[in-house]
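Working notes, structure below.
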Amino acid sequence: MRIRPDALELYVTKPGPCPYLEGQTEQKVLTALDEVSAPLAPLLTQRGFRRMQNMFYRQQCPSCRACIATRLKLKDFKPGDSFRRVLKKNAQLIFSVDAPDASDENYALFSRYLKARHDDGGMTNMSYTDFIAMFEDTPTDTRFLTCRDGERIIGIMMFDELPDGTSAVYSFFDPEQEKRSLGTWMILKLAEYTAGTQRPYLYLGFWVKNSPKMAYKARFQPLEMFMNENWVDFVD
């Protein structure tokens, strides 16, 4: 059965405090996917939406357009000096692409990460049942990029497989390994994996220029931005 995009129900959330820019008001337009409508996930991603569990959303803020969806053009991507240093520093690490696994080990790693990096966030007290729902109960073609140091898992990036690339959804890592830049390393390895499948894009989510948490994406070039319902070359 083919699902038409206009069959999706879209909702607008109530305004609330922006998590990225102090003093701004956030508002989202979102839709929920299930097993029937899941084939529309690639189209939504291409239209600037991001996935959060079974919800796809993009910002529809009343007075701000700072959140801009981005994707990395892999054909022309060449790691610069800083990225090569990250790769060299972590040369002993290996990665694998696996089915999502809400194991006890991964949950413990996730909990340590949240406590160290996002102790005041809404996910900090996420139960094991919630963890399973977030990482295994998804309507999309989801995978884990698993980072290992020997036999030990020290980082995981959850991503979605798409016809034209991959979409990074969420990552976490051992907070004691923070100086190794594992978040950057996993993006580089996801770019390597995706380029190896001859697909052109790695979707990186929203870039927010003046947000310390989101501005880093501009380091990955050449980047495209979704603006005025079109993908255009990145302009800072």
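Observations on the structure shown:
- Here region 178-215 is the region considered, the condition is being surrounded by fewer than 16 Cβ atoms within 10 Å (Cβ to Cβ) and farther than 24 Å from Glu161 by Cβ, and the residue that is farthest from the chain's Cα centre (by Cα) is Lys179.
- On inspection, Thr140 fails the criterion of being modelled with pLDDT of 95 or more, closer than 29 Å to Ser37 by Cα and buried (at least 16 other Cβ atoms within 10 Å of the Cβ).
- In region 147-175, the qualifying residues are those that are touching a residue at least 24 places away in the same chain (Cβ under 8 Å) and acidic (Asp, Glu), and the one that is nearest to Asp137 (Cα to Cα) is Asp160.
This table checks each residue for (1) among the hydrophobic types (A, V, I, L, M, F, W, C); (2) touching a helix residue (DSSP H, G or I) at 6+ places or on another chain (Cβ under 6 Å).
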position	(1), (2)
Leu74	yes, yes
Pro79	no, no
Phe95	yes, yes
Asp137	no, no
Arg152	no, no
Leu162	yes, yes
Gly165	no, yes
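- The sole residue among Thr31, Thr70, Thr45 that is of a type in the set (Val, Ile, Thr), part of a strand (DSSP E or B) and within 18 Å of Val232 (Cα to Cα) is Thr70.
- Test: residue in region 119-133 that is in contact with a strand residue (DSSP E or B) (Cβ under 8 Å, 6 or more places away or on another chain) and closer than 24 Å to Phe56 by Cα: no
- Among (1) within 18 Å of Leu202 (Cβ to Cβ); (2) in contact with a Lys or Arg (Cβ under 6 Å, 6 or more places away or on another chain); (3) aromatic (Phe, Trp, Tyr) - the single one Phe77 does not satisfy: (2)
- When residues in region 196-220 are screened for being aliphatic (A, V, I, L, M) and either farther than 25 Å from Asp236 by Cα or assigned to a loop (DSSP other than H, G, I, E, B) (or both), 2 of them pass.
- Evaluation of Asp130 against (1) free of Cβ contacts under 8 Å to residues at least 60 places away in the same chain; (2) in a strand (DSSP E or B) (one fails), failing number: (2)
- The residues listed here are Arg51, Arg58; of these, the one that is within 22 Å of Asn228 (Cβ to Cβ) and basic (Lys, Arg) is Arg58.
The values are calculated or read from the model by the stated rules, or taken from the named source; none is laboratory data. Everything numeric in this text was worked out from a predicted model, so none of it was measured. For neighbour counting, all protein chains shown are included, and Cβ atoms are generated from backbone atoms with ideal geometry for every residue, glycine included.
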